Amino acid sequence: MYHIHRSNSTTCFYGALVWIEALENECYKTVFNRVQRLININIAKAFRTTSNEALCTFTGLIPIAIMAEEAAKLYIMRKSQVHEIEHEAQPKEWLHPTDSVRITEQQDEHATQILTDGSKRKHGVDAGIAIFIQSNLVLQLKHTLHDGCSNNHAE
């Protein structure tokens with residue numbers, strides 16, 4: 001069903017430049033959404049009460065109004081001899097966050113540091129707090145939390 005949708009969408013967007021402005025009218029947009037919604041219900045095997053937006057998310061399909069707008073803009077770019085057209089990058093081509101973000105720490109000798117730690121033991125969960133001012137330990141606290149608490153609560 002997914003492949004039928006993909007092939008029908010290319011046929012559907014033929015001449016999108018001419019009729020794209022009609023999609024600004026809600027009644028025409030509703031007609032397109034109905035068609036896509038029925039296809040999405042069949043692909044997702046979902047109930048008919050599921051919203052079109054949720055169905056698009058489940059199936060991974062772009063809403064038809066957005067696809068039509070993209071087709072019209074792409075046609076305009078091709079006709080205007082724009083050679084640099086951005087294409088969606090595949091996930092394997094995405095940058096890993098550690099490659100694009102650098103975190104540097106600067107130690108300030110007048111800074112106040114508050115360190116916390118939690119540990120789960122047989123008899124409950126403990127939480128520890130240490131406060132350093134100008135690299136000197138000022139306060140150290142240890143608390144036992146309620147039995148229903150987890151290590152995440154202590155952290």
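The values are calculated or read from the model by the stated rules, or taken from the named source; none is laboratory data. Computed from a predicted structure; not experimentally measured. Positions of Cβ are backbone-derived with ideal geometry, glycine not excepted, and every protein chain shown enters the neighbour counts.
Applying the condition of being of a type in the set (D, E, K, R) and within 27 Å of ASN152 (Cα to Cα) to the range 103-121 and asking which residue is modelled with the lowest pLDDT yields GLU105. On inspection, ALA54 fails the criterion of being in the same structural domain as ALA72 (by TED's automatic domain parsing), touching a Ser or Thr at 6+ places or on another chain (Cβ under 9 Å) and either surrounded by fewer than 17 Cβ atoms within 10 Å (Cβ to Cβ) or small (Gly, Ala, Ser) (or both). Among the residues of the range 136-155, those identified as at pLDDT below 85 and surrounded by 11 or more Cβ atoms within 10 Å (Cβ to Cβ) are HIS143, THR144, LEU145, CYS149, SER150, ASN151, HIS153, ALA154, GLU155.
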